[in-house]
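The values are calculated or read from the model by the stated rules, or taken from the named source; none is laboratory data. None of the values given here were measured: they were computed from a predicted structure. Using ideal geometry, Cβ is built from the backbone for each residue, glycine included, and neighbour counts are taken over all protein chains shown.
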Amino acid sequence: MEVEVDQPVGEVAEQIDRDQIMNDLTNNEEICFKSQQRGESDLTKQEKTDIALEIYNKSKLNFLVRFGKYLQKNQLQFFQQFTENCDESSEITIVLKEFLESVKKDGQINVRNRRFEALKQMVQEDSYFSEIEMMKRNPLLYEQLIGQYLTEEERKERHKINVDEQSTLVKVLLEGIERDDAKKKKEQQEEDEIGMMQEEEDSEDSDEFPALQPTYSQWGEFDEDRKIKSVKKSRKKITSEEQELLKEEFVSSMYQNFLDGKDEDFDYNSVDNNDKYDNTEMKEYDEEDKYFDSEEPETVTQAAEPEESEDELDIFMSALNQNPFVSQLSKDIQNL
């Protein structure tokens with residue numbers, strides 16, 4: 001009677017992972033397993049598997065060099081077990097590191113492309129990137145670049161609740177709650193900004209007068225109130241062209257925040273892991289870089305001009321930075 005000897009658990013797990021890798025490779029039509037003459041019949045799946053297994057059993061390094069670029073991150077990590085206690089360990093470590101870095105870079109580009117594709121769609125829908133929604137997400141920046149220059153009539157129009165036949169009491173109440181939340185967020189942003197400026201001033205004073213360390217904690221409330229009022233003080237009037245430049249700067253900043261993953265309440269998993277946002281024509285190209293290399297913020301939905309002589313975003317930013325009023329405005333904001 002023949003007695004079956006159970007395989008160690010580790011070997012069984014390795015075999016399962018290995019077989020899954022072989023299955024994925026043999027299903028990949030891009031891989032050439034064997035040079036064939038014209039007229040020869042295509043290799044069967046089993047023939048491909050036999051070739052791959054033979055290479056794998058003879059040399060893990062040769063297998064990795066030949067097929068590594070077709071493997072996913074988790075499949076590459078399978079070869080970590082061969083980076084120690086193996087004749088080819090040092091070489092496998094080097095090759096594996098290069099493939100993992102390449103996969104990481106490709107993954108980052110893929111995520112950025114998906115976010116950019118989602119951004120374009122949401123801009124067209126005019127909901128998430130509508131002026132009022134962007135204001136709610138960053139009320140202080142909105143006030144500094146746009147809100148403070150609006151007329152009273154424009155402010156009233158902006159805050160007017162759109163009541164129509166489809167509006168419900170719940171919808172109206174929710175909109176009111178969102179406005180209150182935006183107001184509180186703006187106040188918190190102002191307090192944080194004032195706190196940062198106070199720390200910088202204290203640090204500068206400490207550097208200039210190290211021996212003087214006076215504390216006036218009893219005046220803290222007064223100083224804070226004074227600075228908050230200084231933020232809200234009246235501004236100079238600006239032209240419509242300057243208003244448009246500042247609005248473009250705000251919109252561009254909100255676009256970039258989204259692409260950088262800084263929108264705290266947005267579910268990035270719904271985009272980053274969603275292949276519906278894949279642009280098959282630009283699979284290996286960083287679409288975000290393409291946009292910021294060739295488009296102005298307000299033309300995000302348009303295709304890039306292929307033969308532009310100069311980067312339009314650079315032109316826009318240069319005009320913004322060189323404008324005397326905008327430069328002075330920036331200094332005023334920093335000094336608040």
(message) For the range 121-201, give me every one of the helices (runs of 4 or more DSSP H) that falls completely inside it and has 1 or more residues that are modelled with pLDDT of 85 or more, assigned by TED's automatic domain parsing to the domain that holds residue 255 and polar (S, T, N, Q).
(response) 139-145
(request) Out of the residues in the range 259-279 that are within 14 Å of residue 116 (Cβ to Cβ) and among the hydroxyl-bearing types (Ser, Thr, Tyr), state the one that is surrounded by the fewest Cβ atoms within 10 Å (Cβ to Cβ). (result) 268
(request) Report the residue count in the range 14-54 for those that are among the hydrophobic types (A, V, I, L, M, F, W, C) and over 25 Å from residue 73 (Cα atoms). (result) 1
